[in-house]
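Sending over a structure as structure tokens; questions will come in a sec.
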Amino acid sequence: MGSATTVVHHDIPNIYLRDWVQLPLACVGAALLTYLAVAGLRSAPLPLDLAVRQDGSQLRITWNRQTTARGAILDVIDGGRHTALFVPANLSSVTYLAWTSDVEVRLAAAARDSAVEIARCLVREPESSSKLDREMALTIEGAAALREAFWKRSARVDKLQRTANRLIKTVPVPPERVLAVKSTWWR
């Protein structure tokens, strides 16, 4: 019969653990690079270009109309006052009358991935609400002076009316004379 022979292959490489880890890591790396490449192709959102400038006694708030194509939310924080407005797509500026000398404005476009831009304006004191307060005080003083003049004139009218009533009582009314009226008919 025959003899048994053992065949040993020395050409088969040994497979180590590091060889099994490299393949999945390479796949994850390729997927990550693909994701970053696709995410990088999306354009970054345009800046809102929010700006606040003093224009006379008011503040002019402007922004980039292209970034608010779906509308936006405008928040104005003026001291203790908070005003929130929905801004339609076709609008690119508004004016605001400041009540204090420190006004903060926030603008957020209605798009999901939009950032919020914040601008702050320090209003010169004479053109803020203190000027309005002074004008209001002058108006209130003027109204008080008008009330005083009204009451004085009302008292004068009452005095003149009493004098007129006394004069009417002292001058007797003449009795009515009955006038005989003669009628002639012509034929």
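Throughout, read-outs are computed from the coordinates displayed, never taken from laboratory work. From a predicted model like this one, the values you see are computed outputs, not experimental measurements. Virtual Cβ from ideal backbone geometry, glycine too; neighbours counted across all protein chains shown.
In this structure, is ALA51 within 16 Å of ARG120 (Cβ to Cβ), in contact (Cβ under 8 Å) with a residue 60 or more places away in the chain and surrounded by 15 or more Cβ atoms within 10 Å (Cβ to Cβ)?
Answer is yes for this residue.
Can you tell me which residue among ILE118, ILE77 is in contact with a Lys or Arg (Cβ under 6 Å, 6 or more places away or on another chain) and more than 10 Å from ILE61 (Cβ to Cβ)?
Going through ILE118, ILE77 in turn, just one is in contact with a Lys or Arg (Cβ under 6 Å, 6 or more places away or on another chain) and more than 10 Å from ILE61 (Cβ to Cβ): ILE118.
I'd like to verify a number: residues in region 54-68 that are surrounded by 14 or more Cβ atoms within 10 Å (Cβ to Cβ) and either touching a residue at least 60 places away in the same chain (Cβ under 8 Å) or assigned to a loop (DSSP other than H, G, I, E, B) (or both), how many?
Qualifying residue count, region 54-68: 5.
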